[in-house]
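Worksheet for the structure shown next.
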């Protein structure tokens, strides 16, 4: 009974959180400065948006836009007219699952030499966590604007990034519509469960000689929750914890979620090898890495895939 109450409470909190996020930004501000949570002071006019590095940029109809990573690739497809997109990231085009969506455009290496990117003569380069500040400075010295959406860690940051990007491109309403639809679909994935008991789960991956999780404050937590699961690590951990054998046994999840091809390595790790999920059928959920590694629109696809696998129903 207590477990059912916990499950229903977690589901309710997740639903409320997803709904509230639609009305709040996450780290960007107008009036020339980032939001108070970023701790920076105003730097430009009220007509500008400020990126994650504190750089101000005015909204306008940018017509030669280059994306340098998977998340901004996906957002551009949703928010910008095709003729305004100059180039996508090579990483997106090379993905087996949906690389075809980026065909017909030049491709750039987001962390490669800048000369090839400069030669395209874009008027806007979109990035998140672009690397050293010198890269952005070099592009700006060549007359190219750069807008850094910052680190994306899940649904809240994605929604904020989408609304900010749409406003920057002069399509604020389009961003609001995308955010509303995305939140609704994420919230509805596990809607068929209603008051039914949710299973507990733990995301695990092998990094070097450690078994690492991904829980509260990451896209993986949002994926598990939206997929109808209780992230059993969220009550005690945040971010990307490295677990000991004792910690894994104490968490004792019903299910393990991991990347495709990694279940054997996870279950060989001391502690995990004693988890029931490693010895009973259908208790390890493997998903393609490209779904779990992208803190962007692919979160919805990952949540839907988990729900189908775990509950045997269409979301």
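A few points about this structure:
- Checked against the criterion of being surrounded by fewer than 20 Cβ atoms within 10 Å (Cβ to Cβ), outside the structural domain of residue 298 (by TED's automatic domain parsing) and under 22 Å from the mean Cα position of the chain (by Cα), segment 74-81 has at least one qualifying residue.
- Top-ranked residue in segment 108-123 [being surrounded by 15 or more Cβ atoms within 10 Å (Cβ to Cβ) and touching a helix residue (DSSP H, G or I) at 6+ places or on another chain (Cβ under 8 Å); ranked as modelled with the lowest pLDDT]: 110
- Residue identified as buried (at least 24 other Cβ atoms within 10 Å of the Cβ) and either part of a helix (DSSP H, G or I) or touching a helix residue (DSSP H, G or I) at 6+ places or on another chain (Cβ under 6 Å) (or both) among 162, 166, 181: 162
- Taken as a whole, the condition of being outside any helix (DSSP H, G or I) and either modelled with pLDDT of 95 or more or more than 28 Å from residue 184 (Cβ to Cβ) (or both) applies to residue 230.
- Residue count, segment 199-227 (criterion: in a loop (DSSP other than H, G, I, E, B) and more than 17 Å from the chain's Cα centre (by Cα)): 2
- Selection count, segment 235-251, where residues are without any contact (Cβ under 8 Å) to a residue 24 or more places away in the chain and assigned to a loop (DSSP other than H, G, I, E, B): 3
- For segment 184-228, filtering for residues that are more than 27 Å from residue 276 (Cβ to Cβ) and buried (at least 21 other Cβ atoms within 10 Å of the Cβ) leaves 1.
- Segment 65-145 holds helices (runs of 4 or more DSSP H) entirely within its bounds, and those carrying 1 or more residues that are farther than 22 Å from residue 155 by Cα map to 90-93, 114-119, 133-141.
- Scan of segment 171-190 for residues that are over 21 Å from the mean Cα position of the chain (by Cα) and touching a residue at least 40 places away in the same chain (Cβ under 8 Å), ordered by number: 171
- Within segment 269-315, tally of residues that are farther than 15 Å from residue 202 by Cα and touching a helix residue (DSSP H, G or I) at 6+ places or on another chain (Cβ under 9 Å): 20
The values are calculated or read from the model by the stated rules, or taken from the named source; none is laboratory data. It should be emphasised that the depicted structure is a prediction, and the values quoted were computed from it without experimental measurement. When we count neighbours, we look across all protein chains shown, and the Cβ atoms used for this are built from the backbone with ideal geometry, even at glycine.
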